[in-house]
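Since the structure comes first, as structure tokens, the remarks are kept for the end.
The values are calculated or read from the model by the stated rules, or taken from the named source; none is laboratory data. Just so it is clear, the model here is predicted, and its values are computed rather than measured. Glycine also receives a Cβ, built like all others from the backbone with ideal geometry; neighbour counts cover every protein chain displayed.
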Amino acid sequence: MLTGPFQISQVLVFVGGHLIHDAFGGFVAPLLPLIIQKLDLSLALAGSLTAFQRLPSMANPFIGLLADRVNLRWFVILAPAVTAMAMSTIGLAPTYTALVILLLVAGISSAAWHVPAPVMTAQASGSRVGRGMSLFMLGGELARTVGPLLAVGAVSLWGLEGMWRMVPLGVVASLVIHSRLRKVTARAKTFHNGSLIKTWRVLRRALLPITGIILVRSFMTSALTTFLPTLLASEGANLWFASGSLSILELAGALGALTSGTLSDRVGRRQVLAFAMITSPLSMLLFLSVRGWLTIPVLALLGFLALSPSPVMMAIIQENGRDHPATANGLYMAAGFLIRSALLIAVGAIADRWGLRTAFHWSAWMGFLGLPLVFLLPKQAPEPDQPVD
């Protein structure tokens, strides 16, 4: 278990960095209707765009292994600027291939941010890891709230091709992070020589059920966070309403993320996850059954419940990662990103064949399969000197 005081000033640096970085990283979903129209893409190809953006996550375990050995502070510092440069120029891409290249660059930058930053946040959180992960994920969820509005606002002002004017915002964020993290490291405080295999042996009792939970949850989250604006636009909503709905979902998700990790410090990780596994699919089915003004409050409820488990799972990984927290986080994030990338294409293919609304219904029913996996999670993290099987 991690110990020490909760260093709020350091934690807030990572929260703010997460907010700026992921705001740019989330530009694809709200602009997907325009990108589909410009490049004449099928829904399966449209879903593959986010998959390509996440493809560099395959390197996450190796980035984590490196982060447990050397200081990757510069990865955290530069990531917001690089991601902003790549994502703000997607409107200039003349072809599908050019767009994929930009998304791969953004994906590499994202991997460089998301592996060491949660570890540094956990270290700054002391014994309140759940609270730290909640605040860290709050930044990410707020980013996905702000991101759609930022993207659509930029397009409204300058057009899809003029979004490059957003680049300075990411550069300024990197400069601010640099000024605040001069003496902060991005590796484990106590280093023990290890490997991916050793970390896997330590982590597998937690990582295997969490991977299963990610798999079934990703049907819902992939459908919602990537195709929600496209679904609403296809049913007659304008771009502002469609993107605004995604912002409502993500804002509610930010509140859910803030609540769940902190609550799990008190009542237990498994209890909070079990509640989310039951209520998330129910709220998605409710969303698909309502119309008119009821869509807004139900969408907020859905976001709060469906997007809340992430900080709890990250806290479990940090607690069970023991002496190799960055490597453990890399394995966790690689599994999650790769699963979500594959399912994005799958959900898009289902939508091409049977329609987006049907794909959303199937995704909701898949979510119920996560409940039994919660009870396979370890009840408590192993002590640092506990032998590994």
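Does residue 216 satisfy the condition of being under 16 Å from the mean Cα position of the chain (by Cα), of a type in the set (Val, Ile, Thr) and surrounded by fewer than 24 Cβ atoms within 10 Å (Cβ to Cβ)? Here the answer is yes, as residue 216 does meet what is asked. Of the residues 149, 157, the single one that is at pLDDT below 90, within 29 Å of residue 303 (Cβ to Cβ), among the aliphatic types (A, V, I, L, M) and in a helix (DSSP H, G or I) is 149.
Does residue 58 satisfy being assigned to a helix (DSSP H, G or I) and either charged (D, E, K, R) or at pLDDT below 90 (or both)? Spell out the reasoning first.
On the way: assigned to a helix (DSSP H, G or I): yes; either charged (D, E, K, R) or at pLDDT below 90 (or both): yes.
So residue 58 fits the description; yes.
Quickly run through the range 277-324 and pick out the residues that are within 26 Å of residue 128 (Cα to Cα) and in contact with a His (Cβ under 7 Å, 6 or more places away or on another chain). Across the range 277-324, the qualifying residue is only 323. For residue 39, are the conditions met, namely being surrounded by fewer than 21 Cβ atoms within 10 Å (Cβ to Cβ) and modelled with pLDDT under 75? For residue 39, the condition - surrounded by fewer than 21 Cβ atoms within 10 Å (Cβ to Cβ) and modelled with pLDDT under 75 - is not met.
Go through the residues of the range 278-295 one by one and say whether even a single one is surrounded by fewer than 20 Cβ atoms within 10 Å (Cβ to Cβ), at pLDDT 90 or above and closer than 16 Å to residue 374 by Cα. Yes, because at least one residue in the range 278-295 is surrounded by fewer than 20 Cβ atoms within 10 Å (Cβ to Cβ), at pLDDT 90 or above and closer than 16 Å to residue 374 by Cα. Got at least one residue in the range 79-89 being under 30 Å from residue 260 (Cβ atoms) and of a type in the set (Gly, Ala, Ser)? Scanning the range 79-89 turns up at least one residue that is under 30 Å from residue 260 (Cβ atoms) and of a type in the set (Gly, Ala, Ser). Kindly provide the set of residues from the range 144-157 that are surrounded by fewer than 24 Cβ atoms within 10 Å (Cβ to Cβ) and either in contact with a Pro (Cβ under 8 Å, 6 or more places away or on another chain) or among the hydrophobic types (A, V, I, L, M, F, W, C) (or both), ordered by number. Once the filter is applied, which keeps residues that are surrounded by fewer than 24 Cβ atoms within 10 Å (Cβ to Cβ) and either in contact with a Pro (Cβ under 8 Å, 6 or more places away or on another chain) or among the hydrophobic types (A, V, I, L, M, F, W, C) (or both), the range 144-157 yields 146, 149, 150, 152, 154, 155, 157. Selection of the range 20-55 for residues being touching a residue at least 24 places away in the same chain (Cβ under 8 Å) and assigned to a loop (DSSP other than H, G, I, E, B) yields 26, 27, 41, 42.
Taken over the range 263-309, the criterion of being within 28 Å of residue 235 (Cβ to Cβ), polar (S, T, N, Q), part of a helix (DSSP H, G or I) and within 22 Å of the chain's Cα centre (by Cα) is satisfied by 279, 280, 283. Of the residues 347, 374, the single one that is hydrophobic (A, V, I, L, M, F, W, C), buried (at least 19 other Cβ atoms within 10 Å of the Cβ) and at pLDDT 90 or above is 374. Residues in the range 263-274 that are under 10 Å from residue 312 (Cβ atoms) and surrounded by fewer than 24 Cβ atoms within 10 Å (Cβ to Cβ): 263, 265, 268, 270, 271. Evaluation of residue 113 against the conditions (1) touching a Ser or Thr at 6+ places or on another chain (Cβ under 7 Å); (2) closer than 30 Å to residue 266 by Cα shows that the sole unmet condition is (1).
Confirm whether residue 90 is more than 21 Å from residue 149 (Cβ to Cβ), out of contact with any Asp or Glu (no Cβ under 7 Å at 6 or more places or on another chain) and of a type in the set (A, V, I, L, M, F, W, C). The answer is no for residue 90. Being at pLDDT 80 or above and basic (Lys, Arg) holds for only one residue in 201, 187, 205, and it is 205.
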